[in-house]
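The values are calculated or read from the model by the stated rules, or taken from the named source; none is laboratory data. On a predicted model such as this, the values are computed, not experimentally measured, just so you know. Glycine also receives a Cβ, built like all others from the backbone with ideal geometry; neighbour counts cover every protein chain displayed. Accessible surface areas use protein heavy atoms only, side chains included; no ligands, DNA or RNA. Shrake-Rupley method; radii C 1.70, N 1.55, O 1.52, S 1.80 Å.
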Amino acid sequence: MDVLVVLRQVPDLVEDLELNAAGTDLERDSLKYVLNEFDDWALEQALLLKEKNGALVTVLAPDLPEADTSLYTALAKGADRAAKVSGDFVLTRSSHALADILAPAIRVLPHDVVLTGVQSAEDLDGQLAVLLGSYLGYPAVSVVTDVAVDGSSLIVRKEFAGGLCAEYEVALPCVLGIQAAVRTPRYAPVSRVRAVSKEKKIEVLSAGGIRESDLRIVAFRKPEGGRRADMITGDPDSVAQQIVAILRQRGLLKRSSE
Amino acid sequence: MAGVMVLAEHLNGVLADLSFELAGKGRAMADALAEPLDVAVLGAPTLASEFGVADRVIAVTNTTLEVYSPTAYRAALAQLIREYQPRLVLVGNTSIGMDLAAAVSAELSLPLVSYCTGLRIDDGQIVATAQLYGGKVLVDALPATDHCIVAVLAGSFPADAGRRPGQPSIERRELAGVTSGGIRFRRLIQPEAGDVDITRQDILVSVGRGIQSQENLEGVEELARALGGELCASRPIVDNGWLPKSRQVGKSGLTVRPRLYLAVGVSGAPEHLEGMRGAECIIAVNSDPSAPIFEVADYGVVADLFEIVPALTDRLKQ
């Protein structure tokens, strides 16, 4: 069975995000890009299928900043093949555009199952997994937390609100939007990634055309009124005192359970 | 092309609060556009009468829709949109909505705005406000055509506005071609009851990514005990296996309304806020001054939680 995992690069959310002067986008120059967290879970799910069912894993990324790092890291973790799609697109965050770029590439790479993260930090125009399903003509399920092989289909667990889940049998080929897996994404040491980047090659595919966006961005802005909270300052003990005073005032001080 | 169409969401025979949030906002948008409001209920016709706020409820009766199936629901929604031609379609940005919105957007070339927390009309045009980048940035987006689909985050609009008594006109429909395709429902899996029901706790101490490792949970557990409360967590902590699912607060976990919610190392991503913003008193400790949690917290501390937590535990034990 061939599993293909789509890896996306997204701005690192740990950093403070600056807006550009016009207020129409992030200040792109100062951004650090990292692998989309949910795509890492998708990769982990693929590697679990490799370990359990002997699947072959291909990783595919649009050529965005630091994509090579994510691809080599995936190879270091156990992926069998890596490819990226290069072209005249810059920093696109649009899921529709990414689907335009990726679908033709997926069609020429081995795949019975296409996995990618359920969402990203910037998929304003919808979830990539579901879009890929539509563009490729495959059934797609998102918010998947477990995948097992059952003969020539997959049994997937989809999660709803409040922890309720449902099990579905999904025919191949299919696309799954991965939320989590039964184990956390494994780690590849930097030394191994470096070694892999010297031994292995990333295949390069050319991107085709991208449709024009059907959304016009009016403004990017920071949430209004920023902070609503009353800020408590001081050294840790002073802060602790102030918090206890607040709790006492609100009748929230309990005796701790014995 | 006219009207607003809301997709009601239900699971296990129960309508989600979200359905009323969407219906209420749908009503407001329909009134502002001087157009009618339709609410679509798939596979559960008995729920149709709950939507007195609508002008019409389209109750799709196909038995293949009785249990949620991504492909069947997609086919039904796409058909309804093609036939009724609404100007604005509202679905939830939920596990169900996420399956449907993007697929329908692709199939019908319908502009889609996800993570919507605000909707307004500017000069006769629909502007949707979306929350991106972990809640740190708001984006105002305008569909390029005069029709669109918007996926709305739960909790963005009041449910009360959608719960109006009334007798909507109910149109029962049996649609063609609504099959489960390559996705067959097998069974529902109820969440495991944990040792503690966090929804019944007065005092919750919540841990997020800032806790960094499983070993560090011990210190926060001690704080929770000193407060007479229980520990809960955001999704990443549970996904890592550091706490059971029964302790997860947020969109894919539980919604809690404790008297005190002390959030430690929790950034406050929208999916988490959804589960706790109704708490009576929210105190947040985070080393990042721009953490979105400070927008909903009543009190905030920008500091290292590894200093604050022990200091607070000490004070409480005195």
Practice problem: On the protein heavy atoms, probe 1.4 angstrom, tell me the percent of accessible surface of the protein assembly as shown carried by carbon and sulfur. | Solution: 47 percent
Quiz item: For A:Ala121, what charge total do you get from the other residues with a beta carbon under 12 Å from its beta carbon, if Lys and Arg give +1 and Asp and Glu give -1?
Solution: -4
Exercise. Report the charge-dipole magnitude of the protein assembly as shown in Debye, nearest 20, computed about the Cα centre from +1 at each Lys and Arg Cβ and -1 at each Asp and Glu Cβ.
Key: 740 debye
Practice problem: Specify the residue with the greatest mean-square fluctuation among A:Gln242, A:Gln179, A:Gln45, computed from a Gaussian network of chain A linking alpha-carbon atoms under 10 Å apart. | Solution: A:Gln242
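Given the pairs A:Lys158/B:Lys245; A:Lys84/A:Lys201; B:Lys245/B:Lys317; A:Lys222/B:Lys25; A:Lys32/A:Lys77; A:Lys50/A:Lys77, which are separated by over 21 angstrom at their Cα positions?
B:Lys245/B:Lys317; A:Lys222/B:Lys25; A:Lys32/A:Lys77
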Practice problem: Highest first, please rank the peptides B:120-128, A:198-206 by the mean number of other Cβ atoms sitting within 10 Å of their residues. | Solution: B:120-128, A:198-206
Exercise. List the residues of the stretch B:223-251 that lose 50 Å² or more of accessible area once all protein chains are present, compared with their chain alone (1.4 Å probe, heavy atoms only, no ligands or nucleic acids).
Key: B:Arg235, B:Asp239
Practice problem: In whole Hz, with x marking every Gly and Pro, tabulate ³J(HN,Hα) for the stretch B:280-286 from phi via Karplus 6.51 cos²θ - 1.76 cosθ + 1.60, θ = phi - 60°. | Solution: 5, 10, 10, 10, 10, 10, 7
Exercise. Please build a GNM for chain A, connecting alpha carbons under 10 Å apart, and tell me which residue among A:Glu66, A:Glu37, A:Glu51 fluctuates the most.
Key: A:Glu51
Exercise. Compute the signed sum of charges (Lys and Arg +1, Asp and Glu -1) over the other residues within less than 9 Å, Cβ to Cβ, of A:Tyr168.
Key: +2
Quiz item: Distance in nm between label sites at B:Glu107 and A:Leu172, each 7 Å beyond Cα in the beta-carbon direction?
Solution: 2.6 nm
Quiz prompt | Sequence-separation-based contact order of the stretch A:100-236, relative, with Cα cut under 8 Å and 6+ spacing, percent | solution = 25 percent
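Other chains near B:107-116: what is the mean number of their Cβ atoms within 10 Å of each residue's Cβ? Before the final figure, lay out the partial values.
Working: counts 1, 0, 3, 1, 7, 10, 4, 7, 5, 1.
Mean partner-chain Cβ count within 10 Å for B:107-116: 4.
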Self-check item: Computed magnitude of the charge dipole of the stretch B:187-318 (debye, nearest 20; Cβ of K, R +1, Cβ of D, E -1)
Solution: 380 debye
Quiz item: Where both residues lie in chain A, what percent of DSSP beta bridges are antiparallel, nearest 5?
Solution: 40 percent
Practice problem: Starting from the Cα of B:Gln214, move 7 Å in the Cα-to-Cβ direction to define the label point; list residues of the stretch A:130-170 whose amide nitrogen is under 11 Å from there. | Solution: none
Self-check item: Farthest positive-ward along chain A dipole, Cα basis, beta-carbon charges - from A:Val90, A:Ala22, A:Gly54
Solution: A:Gly54
Self-check item: Contact order relative to length of chain A, as percent, for alpha carbon pairs under 8 angstrom and 6 or more apart
Solution: 23 percent
Exercise. Provide the per residue accessible area, probe 1.4 Å, for chain B, rounded to a whole number of square angstrom.
Key: 36 Å²
Practice problem: Work out from phi, with θ = phi - 60° and the Karplus expression 6.51 cos²θ - 1.76 cosθ + 1.60, the ³J(HN,Hα) of each residue of the stretch B:66-79, listed in order in whole Hz, and give x for Gly and Pro. | Solution: 4, 10, 5, 9, x, 6, 5, 5, 4, 4, 5, 5, 4, 5
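I need the shape label for chain B. Rule: rounded when a/c is under 1.5, else prolate if a/b > b/c, else oblate, with a, b, c from the alpha carbon gyration tensor.
Details: a/c = 2.34, a/b = 1.86, b/c = 1.26.
Here chain B falls in the prolate category.
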Exercise. Hey, can you grab everything whose amide H is under 5 Å from the amide H of A:Asp112? Only 5+ residues off in sequence or another chain; H modelled, so Pro and N-termini drop out.
Key: A:Asp2, A:Val3, A:Leu4
Exercise. Using a 10 Å Cβ count of at most 13 others and DSSP loop calls, identify the longest part of chain B lacking such GluC sites (Glu not before Pro).
Key: B:1-173
Quiz item: Taking springs between alpha-carbon atoms closer than 10 angstrom, which of A:Asp80, A:Asp237, A:Asp25 fluctuates most in the Gaussian network model of chain A?
Solution: A:Asp237
Quiz prompt | Solvent accessible area, Å² - B:Val285, 1.4 Å probe, full protein context | solution = 0 Å²
Quiz item: Arranged from highest to lowest average of other beta-carbon atoms within 10 Å per residue, in what order do the peptides A:157-164, A:86-93, A:181-188 appear?
Solution: A:157-164, A:181-188, A:86-93
Exercise. Before anything else, pin down the relative contact order of the stretch B:51-144: Cα pairs under 8 Å, at least 6 apart, normalised by residue count, whole percent.
Key: 16 percent
Practice problem: Return the FRET efficiency for the residue pair B:Gln85, A:Leu91: r is the Cβ-Cβ distance, R0 is 45 Å, and the value is rounded to the nearest 0.05. | Solution: 0.80
Self-check item: ³J(HN,Hα) computed for each position of the stretch B:302-318 - Karplus, 6.51 cos²θ - 1.76 cosθ + 1.60, integer Hz, glycine/proline x
Solution: 9, 6, 7, 4, 6, 9, 6, 4, x, 4, 5, 4, 4, 4, 5, 7, 6
Quiz item: With charges only on Cβ, +1 for K and R and -1 for D and E, what is the dipole size of chain B about its Cα centre, in debye, rounded to 20?
Solution: 600 debye
Exercise. Using only protein heavy atoms and a 1.4 angstrom probe, determine the accessible area buried between B and A, summed over both sides, in Å² to the nearest 100.
Key: 7500 Å²
Practice problem: Select from B:Thr61, B:Leu254, B:Gln85 the residue farthest towards the positive end of the dipole of chain B; place +1 on Cβ of Lys and Arg, -1 on Cβ of Asp and Glu, and compute about the Cα centre. | Solution: B:Thr61
Quiz item: What residue among B:Leu217, B:Ala193, B:Ser169 has its Cα farthest toward the positive end of the dipole of the stretch B:153-243, where the charges are +1 on Lys, Arg and -1 on Asp, Glu, each on the Cβ?
Solution: B:Ser169
Exercise. Name the long-range amide H neighbours of A:Glu203: under 5 Å, sequence gap of 5 or more, or other chain; modelled H, no Pro or chain starts.
Key: A:Ala82, A:Ala83, A:Lys84
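Just to confirm a number: summing +1 for Lys and Arg and -1 for Asp and Glu over residues other than B:Arg74 whose beta-carbon lies under 11 angstrom from that of B:Arg74, what do you get?
Numbers: positive: none; negative: B:Asp99, B:Glu107.
Overall, the nearby charge balance is -2.
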Exercise. Give, as ranges by residue number, the residues of the stretch B:1-45 whose backbone N falls under 15 Å from the point 7 Å along Cα→Cβ of B:Thr199.
Key: B:11-18
Quiz item: Can you give me the Cα centroid spacing of the stretch B:1-32 and the stretch A:1-48 in angstrom?
Solution: 32 Å
Quiz item: Could the peptides B:95-101, A:96-102 be put in order, highest first, of the mean number of other beta-carbon atoms found within 10 Å of their residues?
Solution: B:95-101, A:96-102
